[in-house]
Structure formats: C-alpha cells, structure tokens
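Below is one structure; the comments refer to it alone.
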Amino acid sequence: MIHIAKRKEMSLAQASLIRAIAIALALVTCGIITTFTTGLNPISVYATMFEGAFGSARKVWILLQELSILLCVSIALTPAFRMRFWNLGGEGQILVGCLAAASCMIILGDRLPNAVLILVMLLASIAAGAVWAVIPAFFKARWNTNETLFTLMMNYVATQLVAYFVIVWEVPKGSGNIGIINQSTEAGWFPQVAGNKYLLNILLVAFLTVAMYVYLTRSKHGYEISVVGESTNTARYVGIKVEQVILRTLLLSGAICGFAGLLLVAGTNHTLTTTLAGGRGFTAVMVAWLAKFNPLVMVASSLLLVFMECGAGEISTAFGLNHSFGDILTGIILFFIIGSEFFITYQVRFTRKEKGGEEHV
Amino acid sequence: MFDLAAFIPRAVAQGIPLLFGSTGEIITEKSGNLNLGIPGVMYVGGICGVIGSFLYENSLADPADMNSFLAVLIPVVCCLIGSLLMGLLYCFLTVNLRSNQNVTGLAMTTFGVGFGNFFGGSLIKLTGTDVPTISLGATSRVFRTTLPFANSLGWFGKIFFSYGFLAYVAVLIALLASYVLDRTRIGLQLRAVGEDPATADAAGINITRYKYIATCLGCMIAGLGGLYYVMDYANGIWSNDAFGDRGWLAIALVIFTIWRPNVSVPASILFGGLYILYLFIPTGKNLAVKELYKMLPYVVTIVVLIITSMRSKRENQPPESLGLPYFREDR
C-alpha cells in the first residue's frame, strides 16, 4: 500500500534538491526524445542551446532583456496569485499597455518634448493595464464572477482591439503593419543608458522585483493579500475589507503588466503588433508558480524559461529544426517540475507491499 | 444582401471544431478538472491524425488504391490515441500528483502546440515542397463525403446535409453527453465528483476513476475537433498555427453554454457564425472594423459569465470544486 501524507514543511535545500533531480530527469528525457525524433546527439543539442543563450555578449544582452520582460510580467501577476486570484489575463493587460504607449507615441510624438512624452506614455500604459485587470476584479469582488475565465477572455478582446488600431494606423496603408514608430525622431523611445539599448529595461525590472518582494513580505498590504489568499472568511473576520483588497491588488497587478507593455514598446520593439506580448502572459503564470510566488526566486525560474526560448532559436537555425522543438522541450521540463512539487508537498510512505513511486510520465 | 444559405454552412463548419472542444471540456469540467490544455490537445489530435493518414497515403503506390474505410479509421484512431495520451498526462499530474490545474493545463498547451507545429514542420520537410503545408487531399475527400442526395435538395440540402460525417458525430456526441450527464446515474455521480468530491467519496464513488475517465474522454472528444479542422474544414491541408485560438474559444463556449453540451450545438454554430461574421458584413473600405467584429464571441462570453454570476442561480454555476485538487486527508 502507498500511504500519502502532507508534509509539514521542507527545508529549502531539500526542496531545491528535489527540483534539481526533476530538472535532471527532464533533461535526460528530453535527450532521449531528441535522439528518437531527430536522430541528433542530445549533448550537442544542449551545447548549441547553451551557445544560443550565452554564446556572445550580444546574446547575453538579449537573454537579459527577454528575462527582464518575462520577470516583469511574472512580478505583475504574483500579488494576484498570492491572493488565489488566477489572473490569466496578463497577455491582454500587456497588450493594452502596449496599445496605450504606442498611441501616445503616434498621436503626441511630435507635439511634446521627449521627457514629457515618456511620462505621459508611462501613465497611459499603467492606467490601461490597470483598467483591464480591474474589470474582472470588480465583478469578482462584487458577484464572485469566475476570474480565471473572465481574464482569459479579456486577452482576446485586447488582441482584437490592438488588431483594430494596427489597421487604423498602418503604414503604408494596406500593409497590415505599423512598422517602427517615430523612426526618424525616436520620440517616445527610452534613452540608452551607458550606451546600451537594453540596460534601462533591466534596471527598471530589477528595482521592481525587489520592491515587489518588500511589498509582499514586509508591508501591511502584502500581509492582507496573504490572509485573503488563505481564507476569505478569516480575512473578513479579522476586519480586512476583502473586496477592497481584491480591487487594490488587481489594480497593482494590471498596472505592472501595462508597464511591461511600455517596456516592450518604448524600450525594445518600438512598434505595435497583436503578437507583441508573445505568450508572456501565460509563460509568466508558470514562472510565478514555479517560484512559489516568491519574486526573488522568479529570477531563476524565468531564467530557465528564457534560456529554453533563446536556446530553441539557436537549435532551430543550427540543425534546421523547427522552432517549435523548443516548446516541446519546455513542455517536458515543465511537466517534470510540476510533478516534482508533489514530492515536496507530500510524503509518500510504502507499507508492506512495495510499489515504485514513479516521478516521470 | 446577406446570403444566409452561404453563411450557415460556413458557420457550421467553423462551429464543429468548437463543438467537439467544448463538449470535451464540459465533460472534463464536470469532474472538477479545469483543463486549460484543451487548445494543446486539439493540436495534438489534429497532427496525430495527419501523421497517421500521411503515412497511410504515402504507403500506397497509387492514391486510387486507397481503401476509404482505412483512410478514415487510421487518422481517427491516431487522433484518439494522441489525445488520450495527453489526457492521461494531465490526469496523472493533477489527480495523482495533485498539481495545480491551471499551470498543468498551460504547460500542456505549450507542449501540444509545439508538438503540432514541430511534427507538422517535419512532415512538411519530408514532402520537400516549397509551400509550408501538408496536403492530404485524398483522405480529406473521404472525410468530406456528403450524403448523395445533399446536392439535389437546394438550399435545404446545403444547410443540413452538406457536411462530412464528423460534423454529425460531433452533434451526436454532444447530445449523448448531455443525456448521460443529466439523465443517468453515471452522470449524476460524475457531477457529484465535480461539485463536492469529499461527499462523493464518502458516498462510495471512486473519485480517481471518475476524474480519469471524464478527463481522458473529454480530451479524446476535443482531439477529434482538431482532426475535423484539418481533414474537413481545411481540406486536408495542415499548416502550422492555422488552428489558431479556436481551443480558447471552445473553453469560452463552455461558459457560454453554462456547462450544457446540448446547448453547445446551436451555441457553437452561433460562435462559428460570429467568428466569420466579419466576412459577410459589408464594411466597404474600412477593414479595421472587421477586427472589432472578431471580438464578438469573447465579449458575448464575458457578458454571459457576468450575468450567470449575478443571477447566481444554483444550476447555472461552474462545478463547485472546479480547479481544485482533491486530497482525501485534506479536510
């Protein structure tokens, strides 16, 4: 018989060991699958992935830039998740942030001095993201509307809204693309810090990560979020206004997603497309969850996923594989990590009849 | 003028993948599992069918030798096996290992879409053509075979009989699922598992078995939606990412129908219609407005979601334990 019981608490070292074993097993499985489906030597595939992520100074900067955006979105979703509010609407909240920033660049580009313009863009994108998150939060707080499904639907509303404005502002007409906004004047583009295009984004997100950690673990607000997440009844009993906490937290969550949109438009891409968010709203859910909603650990978990993404790009060019191969590998690694959580939360004891506890699928 | 006789068949063809997906997801959600991996499962179902029929078509010296029975059976079986494996994976992680369902589902979608596009891309490379698609015309013709008298009935035939057999299978499965859920003991027990697993467990219902069967069955049905899309709707042409966000639309449909597969039959056709409405509405030169029309299915879903939660009628709510893992000793 297998007996399963919940563990009290596991030391961080032990939990990390279990996760490391899971990742190692995942890499072995990925290697077997790689050989099986493509006939390539898995070691050389991994070496190429590593090369693709860290191979040159430029690649490292791109990795850090991608890391900072994904981390920013994960940071944004975290306060909502800690409250057990499943905000799957990151994608849409980023997109409306992008839309707000890009529209400021297009409409106000030649009317305001650059510093003022960037300030306006900041406010607009934060407000847009916040509104997009507060709509489902309002209905959740008032009528307990299912937030998972609501936020999910809001993504597609945002996508179509962006698609609409892309056609309204397309250059040239009929191309279906906006192209680079303000290419000649660079109005509304983030300034380069120390001669590097990406450094400002990275610094901003690093600051945000630490701030979020402090907010969640050291402030009264952060405490209230945790209490509401554990039990709304307890929260009400101790006098926390649950509705208010939900609205306030989602306002923050959406605002940071909108800010991520600003980073994408003003910091790196300088354009507006429907795929600008690139699935980060969903990837960030997994990043946040893998880090057990701890902002500092998220640096590691987003590094893992960004590494897979950058590495996949490299193997697709080096071996002529389809880019989606990276998604398959990422999926497998995620399955293993997801599965390994069980062994961290629960204790498996075998009594009399022995049966193997299988970890992989 | 709005051409209804042309619009309805296209809306139906557009709606059938959604109907498969939503029926599958409803059965899954009734067991308390919120499977956000459905978009991935539909990709896997589609590509497995494509791989099966690709191998079959290429094993024949002459396409005319094709046995139409095998041409249907092989893709369908491959599709069912592929989606079943996805279902088993989801169940193993969420039921046995009690993982978070949202995260597992999203990971499955990443994996499934990647799986579809990777093998799609590999097959495209095998065919060595310049176009980034796989064309399975012969198999598709079998899938699209309509009843012989369909063309002789004018608009009536066009609206009701102009579809391949999978479309009718979708409707039958939805009606059958509705009957089983509402009228049989098995359905009652399944709903009990989704509403309150602890009570169901105390009543002697095997929670694990119900969750496994409902989720795997749901995945297999959803997978057929992917197969229908490739073989029938897309004329046997697989191109990467063509399936798009239909999987999420299927999940939207689950809410829209308030967890009722029989309502899903007209509702999926309605969604299919909303999905292509922009093609039929004369907007003149203003192409941008078409993008706003594409928003309609999602907006409608949100409105339904809000209204059902406001009215808070007990029978219109999501299953009580939806998305929560069940651990017997966790009271």
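Read the figures in this text as sums done on the coordinates, not as results from a lab. Every value quoted in this text rests on a predicted model; they were computed, and no experiment measured them. Every residue, glycine among them, receives a Cβ derived from its backbone with ideal geometry; neighbour counts consider all protein chains shown.
Taking every C-alpha pair closer than 8 Å and separated by at least 6 residues, the mean separation divided by the residue count of the range B:4-316 gives a relative contact order of 37 percent. When peptides A:137-144, B:15-22 are sorted by average Cβ neighbour count within 10 Å, with the highest value leading, the order is B:15-22, A:137-144. Residues B:Asp62, B:Asp3, ranked from the fewest to the most other C-beta atoms within 10 Å, line up as B:Asp62, B:Asp3. In chain A, Cα pairs under 8 Å separated by at least six residues give a relative contact order of 35 percent. Positive-end ranking of B:Thr257, B:Ile281, B:Ala198 along the dipole of the range B:175-327, with charges on Cβ about the Cα centre, is headed by B:Ile281.
Counted as membrane-span-like here are DSSP H helices of chain B whose alpha-carbon atoms extend 18 Å or more along the helix's own axis and whose Kyte-Doolittle mean is 0.5 or above; these are B:4-30, B:38-59, B:68-91, B:101-127, B:165-183, B:207-228, B:261-280, B:296-311. Each Cα pair under 8 Å and six or more residues apart adds its sequence gap; the mean of these over the residue count of the range B:1-105 is a relative contact order of 31 percent.
Using only helices, what value at 222 nm comes out for chain A when you add -39,500 (n - 2.57) per DSSP H run of length 4 or more and divide by the total residues, to the nearest 500 deg cm²/dmol? Spell out each step's value before the answer.
Numbers: 13 runs with 251 residues, N = 361.
So the calculated ellipticity at 222 nm is -24000 deg cm²/dmol.
The lysines within cross-link reach of B:Lys211, meaning a Cα-to-Cα straight distance under 20 Å and a gap of 8 or more places when in the same chain, are B:Lys30. Within a straight-line Cα-Cα reach of under 19 Å, A:Lys173 can be paired with the following aspartates and glutamates, leaving aside sequence neighbours fewer than 8 residues apart in one chain: B:Glu291. Sorted on the mean count of surrounding Cβ atoms within 10 Å across their residues, most packed first, peptides A:46-55, A:257-266, A:4-13 read A:257-266, A:46-55, A:4-13.
Hey, got the dipole for the range B:4-316? About the Cα centre, +1 on K and R Cβ, -1 on D and E Cβ, debye to the nearest 20? It comes to approximately 700 debye. Structure shown: which of B:Lys158/B:Lys294; A:Lys140/A:Lys292; A:Lys59/B:Lys294; A:Lys6/A:Lys292; A:Lys197/B:Lys125 lie over 29 Å apart, alpha-carbon to alpha-carbon? Beyond 29 Å between Cα atoms: A:Lys59/B:Lys294; A:Lys197/B:Lys125.
Annotation for B:Phe156 and B:Arg209: the two label points, set 7 Å from Cα along the Cα-Cβ direction, are 4.8 nm apart. Membrane-span-like helices in chain A (whole DSSP H runs, Cα extent of at least 24 Å along the helix axis, mean Kyte-Doolittle hydropathy of at least -0.5): A:12-38, A:57-82, A:90-108, A:114-143, A:147-168, A:199-218, A:242-262, A:295-318, A:325-345.
Mean partner shielding of peptide A:136-144, defined as the number of other chain Cβ atoms within 10 Å of each residue Cβ, is 3. Here the dipole of chain A is about 1120 debye; that uses its Cα centre as origin and unit charges on the Cβ of Lys and Arg (positive) and Asp and Glu (negative).
Only one residue of A:Met298, A:Asn182, A:Leu216 has its Cα farthest out toward the positive end of the dipole of the protein assembly as shown, where Lys and Arg carry +1 and Asp and Glu -1 on Cβ, and that residue is A:Leu216. Counted by Cβ distance under 13 Å from A:Leu77, the other residues give a net charge of +1, where Lys and Arg count +1 and Asp and Glu count -1. A simple spin-label model places the labels of B:Leu88 and B:Leu126 2.2 nm from each other, with each point 7 Å out along Cα-to-Cβ. Shielding by partners for peptide A:330-338, expressed as the average number of C-beta atoms from other protein chains within 10 Å of each residue's C-beta, is 6. Spin-label model, A:Ser11/A:Ile107: points 7 Å from Cα along the beta carbon direction are separated by 5.9 nm.
Determine the shielding of peptide A:282-292 by partner chains: average, over its residues, the number of Cβ atoms on other chains within 10 angstrom of each Cβ.
On the way: counts 7, 3, 0, 7, 7, 0, 1, 7, 1, 0, 0.
For this peptide, the per-residue mean of nearby foreign Cβ atoms is 3.
The charge dipole of the protein assembly as shown, taken about the Cα centre with unit charges on the Cβ atoms of Lys, Arg (+1) and Asp, Glu (-1), comes to about 1560 debye, rounded to the nearest 20. The order of the peptides B:86-95, A:336-345 by mean Cβ neighbours within 10 Å, most packed first, is B:86-95, A:336-345.
Residue separation of A:Asn196 and A:Ala47 scaled by 0.36 nm, minus their Cα-Cα distance, works out to 50.9 nm of gained length.
Over all other residues within a Cβ to Cβ distance under 14 Å of B:Tyr275, the charged ones net out to +2, with Lys and Arg as +1 and Asp and Glu as -1.
Among B:Phe143, B:Phe119, B:Phe256, the residue with the largest mean-square fluctuation in a Gaussian network model of chain B, with springs joining Cα atoms closer than 10 Å, is B:Phe119. Amide H contacts for B:Ile237 (H built 1.01 Å from N in the peptide plane; partners 5 or more residues away or on another chain; cut-off under 5 Å): B:Leu136. Assuming a ≥ b ≥ c are the square roots of the Cα gyration tensor eigenvalues, decide whether the protein assembly as shown counts as rounded (a/c under 1.5), prolate (otherwise, with a/b larger than b/c) or oblate. Rounded. Comparing A:Leu117, B:Ile8, A:Leu152 along the charge dipole axis of the protein assembly as shown, the residue lying farthest to the positive side is A:Leu152, per the Cβ-charge model.
For the range A:65-291, the Cα gyration tensor yields ellipsoid semi-axes of 32, 19, 14 Å (square root of five times each eigenvalue, largest first, whole Å). Remark on B:Leu34: its backbone amide H falls under 5 Å from those of B:Gly323, a criterion applied only to residues 5 or more positions apart or on other chains, H modelled at 1.01 Å from N. With K and R counted +1 and D and E -1, the other residues having a Cβ less than 13 Å from that of B:Gly46 yield a net charge of -1.
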